[in-house]
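Worksheet for the structure shown next.
The values are calculated or read from the model by the stated rules, or taken from the named source; none is laboratory data. Please read these numbers as outputs of a predicted model, since none were measured by experiment. FYI the Cβ positions are ideal-geometry reconstructions off the backbone, even for glycines, and counts take in every protein chain you see. Note: areas computed on protein heavy atoms with side chains; ligands, DNA, RNA excluded. Shrake-Rupley method; radii C 1.70, N 1.55, O 1.52, S 1.80 Å.
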Amino acid sequence: MAISPPSDLVLDVVRAADPTEVQAAQAKLKATRAAYAASSLAEVGAGFGAAMDILSTPASKAGLGKAEPSKQMAEMPDEYRQFEASILQNFIGSMLPKDTEEVYGKGSAGEFWKSMMAEQIADSMSKTGGVGIAEQMYSQALARSEGRVVNATTDESDRDRAMRMITDFERQVLGLSAAKESEA
């Protein structure tokens with residue numbers, strides 16, 4: 001049997017210590033480590049606010065993103081931008097790393113913080129132009145309100161056929177038959 005004096009001495013001391021004192025010392029070490037990590041992040045400007053500031057600037061500095069919202073986006077109601085942000089939030093949430101317990105925390109609280117990060121990233125993206133979902137929806141809404149045809153390739157027979165397909169699908173999914181529908 002081999003003897004390892006340093007580890008045996010440490011284990012003897014730990015075994016002799018009061019368990020509540022050991023737990024208190026471990027809690028102090030964890031708190032000190034967390035406080036140090038938080039202060040070092042704040043010192044180098046790597047906090048949450050700094051991360052959000054960084055998101056909007058690199059693309060605009062490189063000329064890859066929309067530094068200023070387009071004229072159409074400035075006139076667009078905020079609901080379209082918020083809708084795009086909610087869609088982007090789902091995409092971003094699915095792209096964030098899965099093993100992030102050290103960053104966001106464990107359990108439902110960690111998932112909550114992770115979803116908040118995805119929400120903030122999506123909101124920031126949509127405010128700077130997003131991926132064009134809001135602009136496309138707004139331009140289609142304007143076209144409909146002005147009486148212009150939104151999709152010039154769709155004619156009346158295509159529309160009727162699509163409506164029949166939707167009705168058939170609803171019947172299959174909801175379990176409605178033609179007999180039940182005629183009774184109602």
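General remarks:
- If only residues of region 70-95 that are modelled with pLDDT under 80 and part of a helix (DSSP H, G or I) are counted, the one that is nearest to Val131 (Cα to Cα) is Met73.
- Cβ pairs under 6 Å, 6+ apart, first in region 113-130 and under 10 Å from Leu88 (Cβ atoms), second among the hydroxyl-bearing types (Ser, Thr, Tyr): Ser124/Ser56
- Listed by first and then second residue, the pairs linking a residue in region 7-25 that is open to solvent by less than 60 Å² (accessible area, probe 1.4 Å) to a residue that is at pLDDT below 75 and in a helix (DSSP H, G or I), with Cβ atoms under 6 Å apart and 6 or more places separating them unless they lie on different chains, form an empty list.
- Among (1) at pLDDT below 60; (2) more than 30 Å from Ser139 (Cα to Cα); (3) not small (Gly, Ala, Ser), the one test that Tyr104 misses: (1)
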